[in-house]
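Step one of this worksheet: look at the structure below.
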Amino acid sequence: MALIVQKYGGTSVGTVERIQNVARRVKQCHDAGDQVVVVVSAMSGETNRLIGLASEITDRPNLRELDVLVTTGEQVTIALLAMALQQMGCDARSYTGGQVRILTDNAHGKARINDIDDARVRADLTAGRVVVVAGFQGVDEQGNITTLGRGGSDTTAVAMAAALKADECQIFTDVDGVYTTDPRVDPQARKLDRITFEEMLEMASLGSKVLQIRAVEFAGKYNAPLRVLSSFEDEGEGTLITFEEEGVEAAKISGIAFNRDEAKLTIRGVPDEPGVAYNILGPIGEANIEVDMIVQNISNDGTTDFTFTVNRSDYAKAKDVLQRTADELGAREVIGDDQIVKISLVGVGMRSHAGIASQMFRTLSDEGINIQMISTSEIKISVVVDEKYLELGVRALHEAFSLEKE
Ligand code: ADP
Ligand code: ASP
Ligand code: MG
């Protein structure tokens, strides 16, 4: 008998029929003798709809109340799934994050899980019940409802799997695994049977939303076996996230990630003296804005240009902060662009292969795509380009590195 945690995303529970389909799958697993904990998201579009309602009242909703609001989406699907299971003769019980006691810090909208009380869930499993848990939510020490960030149901599932020491955490979604790149952007994308944890972490952090980054981090920390699968197909092994390096030589590149939520800002003609970076980025950090890539030019006239990227949703706020800094420092001007994207190549094989960056740059140049910024780490290379080149760039790189082939 195995203990399995299954997670079904928004599209997979998007209608009553789909919830019944999920119930059938869960029952199958349960009938085969396994203990099953199911984590579900809200019906697709529901979280956005709820956020939209809040924005009709205010463009700066109180974050505690926003969490109370958006967590209702998952409360609907846990109840419906438990009913569908009961209707099929499968004993099931639903729990909100607070009822399980998924304890988080109090950072509303991006809370981190500190602890999970598994007593109630274990008691139900022992009694032969399927346990249905609301994804994306928890409670802080005071009992306030919190949420784990968009896509956070993945993290709930992995955290439950870690707390229960489950045999496997299965993430069921609308694609049948992790691909070399988003199959919606490049039809040539190929499904990977396995991907190393390290690569998955990079792919997720560079924008591949198939798994929430925190879920991958959590799986790594607790060594929780993790698999991505289709909720619509019965066949298939999906993609296994592996923790040990394979003996075989790793592929040069495993995948291409991209992020559309990017914007860049440049402050020009800043007097170049010690503390420039701190003076520019300090106020940005104080405004709670996360900075991603940073480039500082060499000065030739005693001044320097400084460029950095932020999340597109922070663009306007960051520009205001930067303008104030520019006035204080006597900089020449502030310019910005929120029509950019970041495209990244990821692969552990990069460590042992030279020339990948130059092949990437040549491919983009052959397509007439101008690279605006570059950053690299041991197993990734990222470039910033105009957003109109996203599809072209991803497809050209996918072909240049022959990712469609095994
Ligand atoms: P869910 O609602 O089930 O959590 P998501 O929309 O969050 O589903 O994640 C699944 C989507 O991730 C897919 O539909 C696909 O478009 C996208 N995606 C992005 N990058 C990849 C990738 N490398 N492999 C597979 N899917 C990807
Ligand atoms: N419903 C939440 C969201 O849309 C959490 C999730 O789907 O994982 O972000
Ligand atoms: Mg998701």
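The values are calculated or read from the model by the stated rules, or taken from the named source; none is laboratory data. Worth saying up front: this structure is predicted, and the values here are computed from it rather than measured. So basically every Cβ, Gly included, is an ideal-geometry build from the backbone, and we count neighbours across all protein chains shown. Surface areas here come from the heavy atoms of the whole protein model, side chains and all, with no ligands, DNA or RNA. Shrake-Rupley method; radii C 1.70, N 1.55, O 1.52, S 1.80 Å.
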Looking only at the range 351-383, and only at residues there that are in contact with a strand residue (DSSP E or B) (Cβ under 9 Å, 6 or more places away or on another chain), in a loop (DSSP other than H, G, I, E, B) and of a type in the set (A, V, I, L, M), the one that is modelled with the lowest pLDDT
379
Determine if the range 48-67 includes at least one residue that is farther than 17 Å from residue 171 by Cα, touching a His at 6+ places or on another chain (Cβ under 7 Å) and open to solvent by less than 20 Å² (accessible area, probe 1.4 Å).
yes
Hits in the range 295-331 - residues which are in contact with a strand residue (DSSP E or B) (Cβ under 6 Å, 6 or more places away or on another chain), at pLDDT below 95 and open to solvent by 70 Å² or more (accessible area, probe 1.4 Å):
296, 297
Conditions (1) surrounded by fewer than 15 Cβ atoms within 10 Å (Cβ to Cβ); (2) within 16 Å of ligand 1 (Cβ to nearest atom) -> residue 32 fails only (2)
Filter result for residue 42 (small (Gly, Ala, Ser) and assigned to a helix (DSSP H, G or I))
no
Looking at the range 133-152 only, could you name the residues that are away from ligand 1 (no atom under 16 Å from the Cβ) and either closer than 25 Å to residue 46 by Cα or crowded, with 24+ Cβ neighbours inside 10 Å (or both)?
138, 139, 140, 143, 144, 145, 146
Just to be sure, is residue 263 of a type in the set (A, V, I, L, M, F, W, C), within 16 Å of ligand 3 (Cβ to nearest atom) and either farther than 19 Å from residue 382 by Cα or in contact with a Lys or Arg (Cβ under 8 Å, 6 or more places away or on another chain) (or both)?
no
Flag if residue 149 is within 16 Å of ligand 3 (Cβ to nearest atom), touching a residue at least 40 places away in the same chain (Cβ under 8 Å), more than 18 Å from residue 8 (Cβ to Cβ) and under 20 Å from the mean Cα position of the chain (by Cα)
yes
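Inspect the range 8-18 for any residue being in a strand (DSSP E or B) and either within 14 Å of ligand 2 (Cβ to nearest atom) or open to solvent by 20 Å² or more (accessible area, probe 1.4 Å) (or both) and give the result as yes or no. Explain how you work it out, then say what you get.
Looking only at the range 8-18, we keep the residues that are in a strand (DSSP E or B), and these are 8.
Applying the additional criterion that residues be either within 14 Å of ligand 2 (Cβ to nearest atom) or open to solvent by 20 Å² or more (accessible area, probe 1.4 Å) (or both) yields 8.
Looking through the range 8-18, at least one residue is in a strand (DSSP E or B) and either within 14 Å of ligand 2 (Cβ to nearest atom) or open to solvent by 20 Å² or more (accessible area, probe 1.4 Å) (or both).
Of 228, 210, which residue is free of Cβ contacts under 8 Å to residues at least 40 places away in the same chain and within 16 Å of ligand 2 (Cβ to nearest atom)? Write out each step before concluding.
Details: 228 fails: free of Cβ contacts under 8 Å to residues at least 40 places away in the same chain.
Residue meeting the stated conditions: 210.
Would you check which residues across the range 307-363 are among the aromatic types (Phe, Trp, Tyr) and in contact with an Asp or Glu (Cβ under 7 Å, 6 or more places away or on another chain) and list them?
315
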When you go through (1) more than 13 Å from ligand 1 (Cβ to nearest atom); (2) at pLDDT 95 or above; (3) basic (Lys, Arg) one by one for residue 190, which number turns out not to apply?
(1)
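What residue, of 167, 182, is within 15 Å of ligand 1 (Cβ to nearest atom), among the acidic types (Asp, Glu), open to solvent by 10 Å² or more (accessible area, probe 1.4 Å) and at pLDDT 95 or above?
Values: 167 fails: within 15 Å of ligand 1 (Cβ to nearest atom).
Only one candidate passes the filter, namely 182.
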Residues 97, 52: which one is in contact with an Asp or Glu (Cβ under 9 Å, 6 or more places away or on another chain) and of a type in the set (Gly, Ala, Ser)?
97
Those residues of the range 103-132 which are surrounded by 16 or more Cβ atoms within 10 Å (Cβ to Cβ) and either within 16 Å of ligand 3 (Cβ to nearest atom) or over 18 Å from the mean Cα position of the chain (by Cα) (or both), in sequence order
103, 104, 116, 118, 121, 122, 124, 125, 129, 130, 131, 132
Counting only residues that are in a loop (DSSP other than H, G, I, E, B), within 14 Å of the chain's Cα centre (by Cα) and closer than 30 Å to residue 28 by Cβ, the range 186-238 contains a total of 5
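From the list 26, 37, 22, which one is within 14 Å of ligand 1 (Cβ to nearest atom), at pLDDT 95 or above and at negative phi? Write out each step before concluding.
Working: 26 fails: within 14 Å of ligand 1 (Cβ to nearest atom); 37 fails: within 14 Å of ligand 1 (Cβ to nearest atom).
Going through 26, 37, 22 in turn, the sole match is 22.
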